[in-house]
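Report on the structure given below.
The values are calculated or read from the model by the stated rules, or taken from the named source; none is laboratory data. Note that the coordinates shown come from a computational prediction; the quantities given were computed from them, not determined experimentally. Please note: Cβ atoms are built from the backbone with ideal geometry, for glycine as well, and neighbour counts cover all protein chains shown.
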Amino acid sequence: MNMARNIEIKVRMTDRAQVLTRLTPLATSGPTEIAQDDTFFRCASGRLKLRDFGDGTGELIHYHRADEAGPKASSYVRSPTAEPDTLRQALTLAHGQIGRVRKQRTLYMIGRTRVHLDRVVDLGDYLELEVVLADHEADASGTQEAQDIMAALGIAPASLVQGAYLDLLAAGR
């Protein structure tokens, strides 16, 4: 089975307005506002989360990603659902919840790269880049693209954070 892959980075944003000033002329689409309520479940390998969009739709996502700062590869499988509430209940009963992350995401695109400006409840403002890779594309080309966009947005490598929002919430950051 081929899993979709991307290269991701996450940065704590200290000046959203400055990022928007640099992002807006580069964006090929956006902004699109998306509410996301992610519930994470115990799972033997990788991470399993149910994303509820708050409009009666959602998606179950399983992914593998290294917990390190800097550009990193992520492989994932997404499955849409029209019943996120009952799916959350079933998965909670079967596996147990390990946490929840609620955020308001503003999505922009720069070519094939998803640029997320996230306002995460109890965490603050973050920027994520996801460079979507072609099936047999080397990670290195996506990593270079992420680094080029970081430079264009004025993001210093020192501002990169490691781990998922779930981890940052658990650590009290």
| said: If I filter the stretch 148-159 down to residues being more than 17 Å from the chain's Cα centre (by Cα) and at pLDDT 90 or above, which single residue comes out as farthest from N6 (Cα to Cα)? | reply: G154
| said: Please pick out the residue among T92, T24, T39, T106 that is modelled with pLDDT of 95 or more and in contact with a helix residue (DSSP H, G or I) (Cβ under 7 Å, 6 or more places away or on another chain). | reply: T39
| Hey, among T81, T86, which residue is without any contact (Cβ under 8 Å) to a residue 40 or more places away in the chain and out of contact with any helix residue (DSSP H, G or I) (no Cβ under 7 Å at 6 or more places or on another chain)? | T86
| Which listed residue is more than 17 Å from the chain's Cα centre (by Cα) and closer than 19 Å to I61 by Cβ, from Q97, Q104 | Q97
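Here's the yes/no breakdown for (1) out of contact with any strand residue (DSSP E or B) (no Cβ under 7 Å at 6 or more places or on another chain); (2) closer than 25 Å to M150 by Cα:
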position	(1), (2)
I9	no, yes
M13	no, yes
G30	no, yes
E33	no, yes
S74	no, yes
T86	yes, no
L93	yes, no
I98	no, no
V101	no, yes
| Residues located in the stretch 96-145, provided they are surrounded by fewer than 14 Cβ atoms within 10 Å (Cβ to Cβ), of a type in the set (D, E) and within 22 Å of T14 (Cα to Cα) | D122
| Set T57, T106: member being of a type in the set (V, I, T) and more than 28 Å from Q144 (Cα to Cα) | T57
| task | Mind listing just one residue for me: the one in the stretch 116-146 that is assigned to a loop (DSSP other than H, G, I, E, B) and of a type in the set (D, E, K, R) and, of those, modelled with the lowest pLDDT? | result | D135
| query | When you look at R47, is it in contact with a His (Cβ under 8 Å, 6 or more places away or on another chain) and closer than 20 Å to D167 by Cα, yes or no? | reply | yes
| message | If a residue must be over 29 Å from R100 (Cα atoms) and either among the aliphatic types (A, V, I, L, M) or touching a Gly at 6+ places or on another chain (Cβ under 7 Å) (or both), how many such residues does the stretch 122-155 contain? | response | 7
